[in-house]
Structures are given as structure tokens and as C-alpha cells.
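Notes follow the structure.
The values are calculated or read from the model by the stated rules, or taken from the named source; none is laboratory data. Worth saying up front: this structure is predicted, and the values here are computed from it rather than measured. Methodologically, a virtual Cβ is constructed for each residue, glycine included, from the backbone with ideal geometry; neighbour enumeration extends over all protein chains shown.
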Amino acid sequence: MRVLVFIVAYNAEAHIESVLRRIPAEIWDQRLHETEVLLLDDRSGDRTIETSSRYRDLHGKYNLTVLSNPINQGYGGNQKLGYWYAIQHGFDAVILLHGDGQYAPEILPEFIRAFEDPSVDAVFGSRMMRPRSALRGGMPLYKYLGNRVLTTLQNRLLKQSLSEFHSGYRGYRVSALEALPFEFNSPDFDFDTDIIIQLIDTGRRIAEIPIPTYYGNEICRVNGVKYAIQVLSSTVRSRLQRIAVAYHPKFDYSNDNQHYTLKLGQPSSHEWAMECCRPGQAVLDLGCGPGLLSSELARRGCYVMGVDKCPQDNFPGHWFHEADLDEPLFEFDVLPRHPDVVLCLDVIEHLRSPERFLLDLRERLSAVPGSPRVILTTPNVAFALTRVSLLLGRFSYGKRGILDLTHTRLFTRSSLQQMLAYLGYEVRETRGIPAPLELVFGSGFWGRLLNAVNSRLVRFWPSLFAYQIMVSGRALPTLRRLLEDAREHVGRHHAESAVETVTQGFPPSLDRRPTTG
């Protein structure tokens, strides 16, 4: 392996030579692996750089690189530069070591050996794996208790069982770092918490090894209260982002927006849409995505026609048409069957002009016999949590939920109904849809209970507690359609009048209008 030993240093003149001297010979001699030691000074006010460079020159440590930031980057910012160095120079693993001597350089080989297991993505040195060894090593009691309390809380929030979250002695597989958005992490000491959360969220394997604890005369630069607030805030934010309540790019692990999860067997827009489509009916699913709902409808016995801008090689329905709904809507005479139901589920909020789309849809449906039923859903921007966020001065877009990054238009229950009314749609039923709490908390007791509570609140005050708005109605005939109907009607009337005249014995051509004067 190519291994980088990365030393972060700040005002470490008194300790840095000892730290370098204690690094095992096998690291300097590169006996087992190709190794480099990178010391990155974070704009120290002492002679850390000079001391490190002198050690390199006197001892011939040509695999020691000394760099210095012209501007202080902070503990987390310094790590970002070191990890970027490891990525750019093609290392396989990088091990973080502090320049103040708090962590033992002698056990660096143990970190390297841990990476010989290809399934390991990160190795954390833990001072808590051996009972009370941290206290015997001089860790102050208040720090020990704070560490245990914070670790317990974070384990519960993140559903982990790590023995310690707050050790700064750790190593990472560089390929795992490349997949993490660590450049958005905090520049402060809570950087370490951010990167743990990222590893957990992306399914990386973390191994722990016991390390000795040493507290000497080094200066502690961590404000304990501030640090505790920062790590808990970051941990909670990461969990809120999973339920689309908050957003930060450091917890965003995908480059594109994901399709919505199919929500059946619980109060949801998908469940209601299934209820509205009877077996044998022709269903036009506009914005069908990958066809998850279309597949269920086809299984129920509906004839499913899907439309989406993303091509579908194996559409699970009966007919598919590729079309961008932001463009003028295609003519419905290409449809193999006249639709009985038209689904527009979570579509209009993604469009540049929902009004144009709905007017186009009304125009096309005017030519379809039978007045198809239109089912439309959209998020409710007046949902309680969004209102609370606004009250707190926050309006953050994210990858999912009401404030999805791909949403271009936002609606309340009232504004949606008003828009449909003035665009010529008859709204026959409006429902409030609760939040998908079972997706967040599981389908067990708590998920079902919270869903039931939200459903009751929706019935009490839908404009506040509905996560989504669902409307069922029909498109009223356009003026063009009404005028054509008028022509057809008068034509039928003349034909019926002619038939009536013949049956009464008058020549069809006889003018029976009364004369005047």
C-alpha cells in the first residue's frame, strides 16, 4: 500500500520533534509499505516549521514533506487539505496524527495493518475500549464524562455502537474519502463528527483499535461546551436531512435527484391513486418516472399508459411515450386508448409553468369522450414544519420533501384550488395527505402511531397539517370544444326538425316561417 501519515500541527514547536522521533523506523524506512509523512502547519505563531524542517534535514527523512498554510484554516480545514493531498497523490490510506503528542505515533503500524483487510474503510483509535484506561492516562474526569455522554447520544441518534466518537487518532481509506463530500465539512473540531456521519450514511465499515491515552502539558484548544453543541447539532441535522426537514451539502451523497419511493399500505398519494383507478380502466400516468406506480396499476388490471422525459426500456405498463412535460403537450390522438383517469402525481411543482401544462391538458382532454377523471398531487408548502422553519427564518431547499431542489413552484391548498378553478377545472374532491412517517420511523409501533396522529390532525386542519394536497376533478370543456358542440347540437336539431316535419306531412323544403305586413 501507499500510506500517508498526515500530521496536523499548530503551535507545536515544543512537541513536534518528539512526535517525529517516535514514529517507528518501519515508517521512515518504508520496509513494508510505501509511506510518506506530511506535516501541514496551520499558520503557527511559533517555530513549528523550522523545527520540523531541521529534523528532516538532520536525519535524512526524505519522505517527510513539510507544508504551511499562509492563512489559518482551522483544525477541520487543515484536514481537508491533507486528505485532498492524499487523493491527488494517489495514496491508498491516510492516517491522521496530531502534532502535540497527545496520540502515540508508536502504534501507526497497527493502523496500517488494519487496512490490509479490504473491507475496512476507516480505522479509529479508541481510548475507551479498555475500561478506565483513559482516566489512568490522565484524561480529566469532566472530559471523560463529556466524551461518554456525547458518544452515547450520538450512538443512539445514528444507531451505532462505536466506543468513542471523539478520538482524533484515525485513518481512512482514500477511495472512501473520494466518495465523501468532506470539503463541505466544518472547519472546526466538529469536522471529525461530520466525517463519521458521512461514513455511516454511505455504508462504510469503521474498525476500532485500542490506543493509549496521554495528557501532558499540551494546550487544549477545544471549547468543550461549544464543541458539544456543534457535534450534537451536526448529528441532529444529518438525521433531519434524511426526512427532508433540513439540508446541508455535506450530507448530500448523490449527484442527481432520486425518484420518489412508492408508498403503499399507508395513507399516501399513491394509495389514494390506486383507489381511484378501477380494474379495466385506461390510466394515463403523466410524469410516471421509473414506473413504480404504473407497475402496481397494471398488476391491478388497469391499462396503463406512461409519459415521462426519461426513456424507459422496460416500462412495466402497456404503452410508453417519451415527452418533456415542460414542453407543449403532445396530441392525445397518439394514445392507444382514451384515458378514463389521468394521473399527475407530484408533477406540477417541477414545471416551469404549471398553468401552461394544465391549459394544454384541458385542451387535450376536451377532445376525449367521457370527461376523464384528473388526479393531481403536489406538496403543501404551508405544512406545519415549513411554517415553523419560516418562523425561525429558515427556508432551505433539499434533495427530497416539500422544498425539493427540483421544485420550481410551490402551492398551498387554497392556491392550488384557485389555480385549478381559474384554469377551467372542476374540483370535486380535495384531500390532505399526511407525511410519510412510516418511511422515516419504520412500519412498527412508532411509525404507525405517528402516522395515525398526523392523519387525525390532517382531518382537523388540512391546510396546516397536510404534507401533500391531492385533488380529484375533471377538465371543463374549452371554448373551442363548446363552440364545436354548439355547431354539432344545432346540426342535430335541424336534422331532428326535418325528421319531425316529414312525419307530419310537410315537404322538408317548405318554408313554414310566419309572414308579416
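At-a-glance table
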item: Residue match in region 373-382 (condition: at pLDDT 85 or above, out of contact with any strand residue (DSSP E or B) (no Cβ under 7 Å at 6 or more places or on another chain) and farther than 21 Å from Gln266 by Cβ); result: yes
item: Test result for Leu439, modelled with pLDDT under 95, within 22 Å of Met274 (Cβ to Cβ) and part of a helix (DSSP H, G or I); result: yes
item: Matching entry among Arg156, Arg132 (being more than 19 Å from Tyr75 (Cβ to Cβ) and either more than 30 Å from the chain's Cα centre (by Cα) or surrounded by 15 or more Cβ atoms within 10 Å (Cβ to Cβ) (or both)); result: Arg132
item: Hits in region 168-213 - residues which are over 25 Å from the mean Cα position of the chain (by Cα), in a loop (DSSP other than H, G, I, E, B) and of a type in the set (Gly, Ala, Ser); result: Gly168
item: Members of region 271-295 that are touching a His at 6+ places or on another chain (Cβ under 8 Å), free of Cβ contacts under 8 Å to residues at least 40 places away in the same chain and over 20 Å from Ile469 (Cα atoms); result: Pro290, Leu292
item: Answer from Leu359, Leu390 - the residue that is assigned to a helix (DSSP H, G or I) and in contact (Cβ under 8 Å) with a residue 60 or more places away in the chain; result: Leu359
item: Checklist (1) in contact with a strand residue (DSSP E or B) (Cβ under 6 Å, 6 or more places away or on another chain); (2) touching a residue at least 12 places away in the same chain (Cβ under 8 Å); (3) over 20 Å from Phe465 (Cα atoms) applied to Pro311, failing item; result: (2)
item: Qualifying residue in region 427-434 (condition: of a type in the set (A, V, I, L, M, F, W, C), crowded, with 20+ Cβ neighbours inside 10 Å, modelled with pLDDT under 95 and out of contact with any His (no Cβ under 8 Å at 6 or more places or on another chain)); result: yes
item: Residues located in region 1-37, provided they are among the acidic types (Asp, Glu) and either in a loop (DSSP other than H, G, I, E, B) or surrounded by 23 or more Cβ atoms within 10 Å (Cβ to Cβ) (or both); result: Glu13
item: Residue tally, condition assigned to a loop (DSSP other than H, G, I, E, B), within 23 Å of Thr378 (Cα to Cα) and not polar (S, T, N, Q), over region 266-302; result: 8
item: Matching entry among Arg352, Arg394, Arg400 (being in contact with a Phe, Trp or Tyr (Cβ under 9 Å, 6 or more places away or on another chain), modelled with pLDDT under 95 and basic (Lys, Arg)); result: Arg400
item: Residue in region 247-265 that is assigned to a loop (DSSP other than H, G, I, E, B) and aliphatic (A, V, I, L, M) present; result: yes
item: Output for region 235-280, where each listed residue is at pLDDT 80 or above, in contact with a Lys or Arg (Cβ under 9 Å, 6 or more places away or on another chain) and under 30 Å from Val374 (Cβ atoms); result: Ser269, His270, Glu271, Trp272, Met274, Cys276, Cys277, Arg278, Pro279
item: Residue within region 91-111 that is surrounded by fewer than 18 Cβ atoms within 10 Å (Cβ to Cβ) and under 26 Å from Lys250 (Cβ atoms) present; result: yes
item: Residue satisfying condition, being touching a residue at least 24 places away in the same chain (Cβ under 8 Å), in contact with a His (Cβ under 8 Å, 6 or more places away or on another chain) and more than 26 Å from Glu50 (Cβ to Cβ), within set Ile112, Ile87; result: Ile112
item: Candidates Val342, Val334 - the one that is assigned by TED's automatic domain parsing to the domain that holds Phe460 and surrounded by 19 or more Cβ atoms within 10 Å (Cβ to Cβ); result: Val342
item: Subset tally (residues that are assigned to a strand (DSSP E or B) and among the aromatic types (Phe, Trp, Tyr)) for region 318-356; result: 2
item: Any helices (runs of 4 or more DSSP H) falling wholly within region 84-159 and containing at least 2 residues that are closer than 28 Å to Gly203 by Cβ; result: 108-114, 141-158
item: Test: residue in region 49-69 that is part of a loop (DSSP other than H, G, I, E, B) and loosely packed, with under 15 Cβ neighbours inside 10 Å; result: yes
item: Among (1) surrounded by fewer than 16 Cβ atoms within 10 Å (Cβ to Cβ); (2) modelled with pLDDT under 90, the one test that Asn451 misses; result: (1)
item: Region 161-178, residues that are surrounded by 15 or more Cβ atoms within 10 Å (Cβ to Cβ) and either within 17 Å of Val8 (Cα to Cα) or out of contact with any strand residue (DSSP E or B) (no Cβ under 8 Å at 6 or more places or on another chain) (or both); result: Phe165, His166, Ser167, Gly168, Tyr169, Arg170, Gly171, Tyr172
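A quick yes/no check of all residues on (1) buried (at least 19 other Cβ atoms within 10 Å of the Cβ); (2) assigned by TED's automatic domain parsing to the domain that holds Cys277; (3) touching a Lys or Arg at 6+ places or on another chain (Cβ under 9 Å):
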position	(1), (2), (3)
Arg352	no, yes, yes
Phe357	yes, yes, no
Leu361	yes, yes, no
Arg364	yes, yes, no
Gly370	no, yes, no
Arg373	yes, yes, yes
Pro379	yes, yes, no
Phe383	yes, yes, no
Leu392	no, yes, no
